[in-house]
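Undergrad: Take a look at the following structure, please.
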Amino acid sequence: MDLKNQKRMAAEILKCGSNRVWIDPNRLEDVEDSITRADIRTLVASGTIRANKKTGVSRGRARAVDRQKAKGRRKGHGSRKGTANARRPGKERWMQTIRPIRRRLRELRDSGKLPRSAYRSYYMRAKGGMFRSVSHLESQLKIEGYLEEA
C-alpha cells in the first residue's frame, strides 16, 4: 500500500509535515481509495487522518538541575562564569559583616556596658574594617576590659 500521495495531501490540508500525519491503521483501505483533496478532507473530518502533536523539549532534566541548585550543589569551579566579586559583590559581603557588628555595639551602648566614648571609638574601628565578626569584636572588648569574661 503506497499512501505517499495521500500523506502529502493530508499534510498540506493539516498544515503540518508529512511525518506528523497519522492514519488510522484499521481504515487503510478507505485512505487508499481516496484520491482527491476532498476525499482527504472527509477522512480528516471523520478522524481517520489527523496530525500528531509536536514533540517539545522535556523540562524534566532542567527541573532536576534546579532542585540540585536549590540545595547548593553544582557550584564548583567548572560551573562558574563570573569573578568571585561578580557572583557576590564586595559591598554585599561588607554589609553582612558590618550590620551585626553595629547592632551589637548599639546593644552594648544602650544596656550601659559600653560608655559612649568607647562606643564611638569602636564604631569607627568597625567602619575601618578592623573586626571580622561580632565574636572578634567581643574578644577585643574583653581584652580592653569593657566586657567581663563569660
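The values are calculated or read from the model by the stated rules, or taken from the named source; none is laboratory data. Bear in mind the structure is a predicted one, so any value in this text is a computation, not a measurement. All Cβ positions, even for glycine, are placed from backbone atoms using ideal geometry, and neighbour counts span all protein chains on display. The accessibility values were calculated without ligands, DNA or RNA, using every heavy atom of the protein model including side chains. Shrake-Rupley method; radii C 1.70, N 1.55, O 1.52, S 1.80 Å.
Undergrad: Return the lysines within reach of residue 142: Cα separation strictly under 27 angstrom, same-chain partners fewer than 8 residues apart disregarded; answer none if there are no such residues.
TA: The reachable lysines, counting only those whose Cα sits under 27 Å from residue 142, are 113, 127.
Undergrad: Please work out whether the range 91-131 counts as rounded, prolate or oblate from its C-alpha gyration tensor, where a ≥ b ≥ c are the square roots of the eigenvalues and a/c under 1.5 means rounded, while otherwise a/b larger than b/c means prolate and anything else oblate?
TA: It is oblate, given that a/c is not under 1.5 and a/b is not larger than b/c.
Undergrad: Label residue 106 and residue 130 with points 7 Å out from Cα along Cα→Cβ: what is the distance between them in nm?
TA: For the pair residue 106/residue 130, the computed spacing is 2.1 nm.
Undergrad: Students often forget the sequence filter, so: which lysines lie under 30 Å Cα-Cα from residue 4 once same-chain residues fewer than 8 apart are removed?
TA: Partners found: 15, 53, 54.
Undergrad: Could you work out, for the chain, what percent of all Cα-Cα pairs fall into each 10 Å distance bin, beginning at 0 Å and stopping at the bin that holds the largest distance?
TA: 9, 21, 10, 9, 10, 8, 7, 9, 11, 5, 0
Undergrad: Grab the other residues whose beta carbon is less than 13 angstrom from that of residue 141, score K and R as +1, D and E as -1, and report the net.
TA: In short, 0.
Undergrad: Spin-label point model (7 Å from Cα, Cβ direction): what's the residue 116 to residue 85 distance in nm?
TA: Rounded to a tenth, the inter-label distance reads 4.0 nm.
Undergrad: Once you place label points 7 Å from the Cα toward the Cβ at residue 19 and residue 71, how far apart are they in nm?
TA: Label-label distance for residue 19 and residue 71, simple model: 3.6 nm.
Undergrad: The range 59-150: which GluC sites (Glu not before Pro) are DSSP loop and have at most 14 other beta-carbon atoms within 10 angstrom?
TA: 144, 148, 149
Undergrad: Another one. Using the Cα gyration tensor of the range 40-83, with a ≥ b ≥ c the square roots of its eigenvalues, what is the shape: rounded (a/c below 1.5), prolate (a/b larger than b/c) or oblate (neither)?
TA: Taking the square roots of the gyration eigenvalues as a ≥ b ≥ c, the range 40-83 is prolate.
Undergrad: Right, another one. Roughly speaking, to the nearest percent, how much of the chain's 1.4 Å accessible area is carbon and sulfur?
TA: 48
Undergrad: Averaged per residue, what accessible surface does the chain expose to a 1.4 Å probe, in Å²?
TA: Details: 11150 Å² over 150 residues.
Using a 1.4 Å probe on heavy atoms only, each residue of the chain averages 74 Å².
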